[in-house]
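Some notes on the structure that comes next.
The values are calculated or read from the model by the stated rules, or taken from the named source; none is laboratory data. Just so you know, these numbers come straight off a predicted model, no measurement behind them. Cβ placement follows ideal geometry from the backbone for every residue including glycine, while neighbour counts extend to all protein chains displayed. For accessibility, only protein heavy atoms count, side chains too; no ligands or nucleic acids. Shrake-Rupley method; radii C 1.70, N 1.55, O 1.52, S 1.80 Å.
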Amino acid sequence: KAQDEAAMYAASDETGNSYDDDSYSDDDSYDENSYDMDGYDDDSYNDETENEAYDAAEGGVHRYSYILDDCTWTEAFYRAREQGGYLVRINSREEYDQITRDIERMGYEKKQWFIGAGREYESTAYYWIDENGNVYGDKLNDADYWANSEWLSGEPSFRSDGVEELYVEIFYSSSLGRWVWNDCSDDVIAEVPSYSGKVGYIIEYEDE
C-alpha cells in the first residue's frame with residue numbers, strides 16, 4: 001500500500017540517492033500548466049507475468065499529461081486519480097521512449113517526474129501501484145525486467161540517512177546523457193527546497 005513517508009534527498013554520486021546537479025537549473029521557472037500528449041495503443045504488447053492483477057494492455061502508448069507541481073508523490077497520486085487517470089505506469093520500451101520524447105519536446109529535461117511505482121514498507125521490491133494504492137505486476141528492480149538497466153547506478157537504494165524512499169521518479173542525467181530511474185521520498189521539496197519548481201508528475205489516461 002502506498003504510504004506517506006518523508007525522506008532525505010542527497011545530491012552527490014557518493015550517496016545512495018544521487019542526483020546530477022547539472023540536470024537542474026535555477027533558470028527554470030515554475031510553470032503550473034499541464035500538457036497533454038496523445039499516444040497510440042499497441043495491441044501487440046505481450047506481458048509474460050503470471051500475476052492476474054496485471055493488465056497487459058497497459059503496455060500500449062496512451063495519452064499523458066505532464067504537470068509541474070510542487071507536490072508530494074502521494075499528492076500527485078491522488079491528483080492524477082481525481083483527473084480521471086493515474087500516475088503513469090511505463091510497461092514497455094516503446095511507451096518509455098514516447099514519454100521521454102514528449103518531455104524533451106516540451107524542454108522539460110531539467111525536471112524530475114514522479115511515476116506510479118513504489119514499494120511496500122520494509123520491502124526491497126518495487127512494483128507498479130494501482131489506483132487503489134496496491135502494488136502489483138512485475139518487480140521493477142528485477143534483473144529480468146525490461147527497465148532494469150534504466151536505474152541510476154546504485155539505485156534503488158531504498159533509504160537515505162535511515163529514511164525510507166518508497167517511490168520512483170525519472171529524470172534526465174546530463175552527465176550520463178540519458179534518462180534514469182531513481183527511488184525517492186514522498187516529499188522532495190521539504191527536504192531540498194531548491195527543487196521547488198523542478199518537480200512534476202505524469203498522468204496516464206487510457207481513453208482514446
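For residue 206 and residue 123, a Förster radius of 25 Å and the Cβ-Cβ distance give a FRET efficiency of 0.35, rounded to the nearest 0.05. Sorting 122, 204, 191 on solvent-accessible area from highest to lowest, probe radius 1.4 Å, gives 122, 191, 204. What does the C-alpha gyration tensor say about the overall shape of region 66-208? Classify as rounded when a/c is under 1.5, otherwise prolate if a/b is larger than b/c, or oblate. Rounded shape, in that the Cα axes give a/c under 1.5. Expressed in Å, the radius of gyration and Dmax of the Cα atoms of region 148-203 are 11.7, 30. Here the dipole of region 126-208 is about 500 debye; that uses its Cα centre as origin and unit charges on the Cβ of Lys and Arg (positive) and Asp and Glu (negative). Take region 70-144 with all the other protein chains still there, run a 1.4 Å probe, and you get 40 Å² of accessible area per residue. The stretch between residue 148 and residue 175, if pulled fully straight at 0.36 nm per residue, gains 7.8 nm over its current Cα-Cα span.
For region 102-208, carbon and sulfur atoms together expose 42% of the accessible surface, with a 1.4 angstrom probe and every protein chain in place.
Taking other residues whose beta carbon is less than 10 angstrom from the beta carbon of residue 179, and scoring Lys, Arg as +1 and Asp, Glu as -1, yields -3.
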